[in-house]
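The values are calculated or read from the model by the stated rules, or taken from the named source; none is laboratory data. A quick note: this is a predicted structure, and the numbers were derived from the prediction, not measured. Counting neighbours? That spans all protein chains shown, and the Cβs are built from the backbone with ideal geometry, glycine included. When the accessible area is computed, the model is the full protein with side chains, heavy atoms only, and any ligands, DNA or RNA have been set aside. Shrake-Rupley method; radii C 1.70, N 1.55, O 1.52, S 1.80 Å.
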Amino acid sequence: MNNKNIPLFSFWGVVQILLALGALGVLTAKMIWGLGAVTNLSDNWPWGLWVAFDVGIYIASAAGGFVLAALVYIFKIEAFRPLVKPAILIAALGYTIGALGIAVDLGRSPLIVHPLWMWQP
């Protein structure tokens with residue numbers, strides 16, 4: 001098999017790399033200058049598309065995936081069986097990305113690990 005004509009990066013691969021670098025830049029700016037610098041949120045306008053996107057997209061799609069899994073595994077509706085594995089994957093990714101989004105939204109994100117070793121009896 002001749003692999004000499006296969007490009008290293010496709011157009012969409014380059015687009016994804018550029019988007020990831022842009023997101024990394026925005027995350028770095030958020031960590032340095034705060035959430036208001038990258039989202040234009042303030043004490044007067046504390047909510048915006050930032051939180052709606054986290055909750056409305058990631059958490060809602062994750063909940064839908066687990067509801068579909070419940071329909072198949074708990075309520076034994078076998079018509080949805082082919083959709084269960086992708087739905088659980090989407091649900092797990094949705095909750096993971098939602099949790100990461102909430103961690104970034106926190107004012108002092110690096111301190112999110114403190115409950116792991118600073119237990120309060």
Checking the structure you have, find out if any residue of the range 24-42 is of a type in the set (A, V, I, L, M), within 16 Å of the chain's Cα centre (by Cα), over 29 Å from Pro115 (Cβ atoms) and open to solvent by 60 Å² or more (accessible area, probe 1.4 Å). no
State which residue pairs qualify: first residue among the hydroxyl-bearing types (Ser, Thr, Tyr) and inside the range 23-39, second residue open to solvent by less than 60 Å² (accessible area, probe 1.4 Å) and not in a helix (DSSP H, G or I) in any location, beta carbons under 7 Å apart, and separation of 6 or more residues or different chains. Thr39/Gly48
Tally up the residues in the range 1-40 that are at pLDDT below 90 and farther than 20 Å from Gly101 by Cα, please. 9
Output the residues belonging to the range 64-109 that are hydrophobic (A, V, I, L, M, F, W, C), assigned to a helix (DSSP H, G or I), at pLDDT 90 or above and open to solvent by 80 Å² or more (accessible area, probe 1.4 Å). Phe66, Val67, Ala79, Leu83, Leu89, Ile90, Leu93
If only one of Ala92, Ala69, Ala99 is free of Cβ contacts under 8 Å to residues at least 24 places away in the same chain and either polar (S, T, N, Q) or within 25 Å of Ala23 (Cβ to Cβ) (or both), which one is it? Ala99
